[in-house]
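Single-structure report; data block below.
Every number in this text was worked out from the coordinates using simple rules, so none of it is lab data. Just so we're clear, the structure is a prediction, and the values are computed from it rather than from any experiment. No Cβ is skipped: glycine too gets one built from the backbone with ideal geometry, and neighbour counts run over all protein chains shown.
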């Protein structure tokens with residue numbers, strides 16, 4: 001019995017190490033490193049679309065973007081103190097920061113891809129926050145692609161000679177870092193629906209919308225997809241504040257909210273497996289980037305990754321979780337003065353109670369690029385010779 005117990009302990013230790021160690025790539029099957037990234041999603045990925053399209057509704061003010069300033073990129077504003085996961089992806093691949101779809105007519109450079117994500121976007125075709133839901137973003141992309149191909153022009157490439165427009169699409173990756181989170185927040189925080197109802201109705205509707213988006217993009221020629229699930233929203237200061245009296249899990253997060261995120265992740269994983277079967281015959285590759293468990297790793301071992309505060313917002317208005325929905329981070333329109341940021345945002349997970357810090361996004365990006373929390377196994381750093389030299393620059 002003692003030997004068996006020791007063996008079980010050794011196995012548990014081995015499995016835990018496997019979760020956090022860089023993974024050897026098993027891409028194979030003709031995997032080609034993407035030459036461009038076409039990004040879709042919500043505020044965790046939006047690099048300026050919502051503020052260009054709806055400036056009065058979603059304008060950000062300091063202290064947003066104070067840890068990293070995009071001085072030469074007007075409109076490139078993030079819901080964070082600095083860069084997002086998609087920004088670190090671009091850096092690792094040696095690409096310029098991806099231009100936004102909303103700047104398509106302003107001479108932006110799209111040879112390495114573009115960003116179609118909108119803050120507040122839902123997966124399902126609802127308009128609780130913004131009308132630009134996931135499949136409308138896909139429609140925007142298809143219109144953009146059609147116009148680009150009709151020109152017959154070459155995209156200027158800062159890394160070399162002009163590139164044919166088609167290359168950016170045919171050799172690109174179609175990336176949804178995260179979508180569905182707003183669907184779930186609306187269901188729980190706005191409609192106040194119980195978790196069984198959310199799991200039974202909102203989760204399958206959101207997953208079905210993601211499947212539709214992937215299928216539509218595939219029909220237009222896309223063959224390489226990176227899809228993210230939702231992070232554990234029950235650990236967000238906003239949800240911890242709103243649902244302070246609900247049962248907490250071992251990480252002191254709202255248990256039933258995280259259960260919804262896990263249900264969404266499981267349903268999404270099954271949907272992606274189904275799509276691999278139905279679409280895989282033509283070389284289509286679909287990778288899941290597991291935001292949920294990557295985040296749980298940080299919440300479980302914060303000091304390992306340089307974090308000292310996992311439950312309070314860096315920029316907030318006091319209270320147990322430094323969050324108050326009536327007095328949020330930054331200036332609110334032209335009427336109210338918002339709140340200032342903490343002195344060390346790099347040690348916080350949460351930026352404003354809903355979104356995350358640049359430091360958190362950087363670590364999640366490093367996980368994914370090194371092949372951690374990616375299914376099927378794929379180590380992009382090894383496959384594509386990626387570099388992380390610019391991950392800690394301030395501008």
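Ordered by the number of other Cβ atoms lying within 10 Å of each residue's own Cβ, fewest first, 351, 166, 38 fall into the sequence 166, 38, 351. The peptide list 118-126, 267-275, 371-379, put in order of mean Cβ contacts within 10 Å with the highest first, becomes 118-126, 371-379, 267-275. Note down the relative contact order for segment 30-384 as a percent, whole number, built from C-alpha pairs under 8 angstrom at least six residues apart. Reported relative contact order: 18 percent. Applying 0.36 nm per residue to the separation of residue 69 and residue 387 and subtracting their alpha-carbon distance, the gain on full extension is 112.4 nm. Per-residue packing, averaged as other Cβ atoms within 10 Å, sorts the ranges 249-257, 90-98, 381-389, 223-231 into the order 223-231, 90-98, 249-257, 381-389, beginning with the highest. The modelled label-to-label distance for the pair residue 301/residue 274, using points 7 Å beyond Cα in the direction of Cβ, is 3.5 nm.
Only alpha carbons enter this Debye calculation for segment 30-384, each as an equal point scatterer, and the log10 of I(q)/I(0) it gives at q = 0.07 Å⁻¹ is -0.27.
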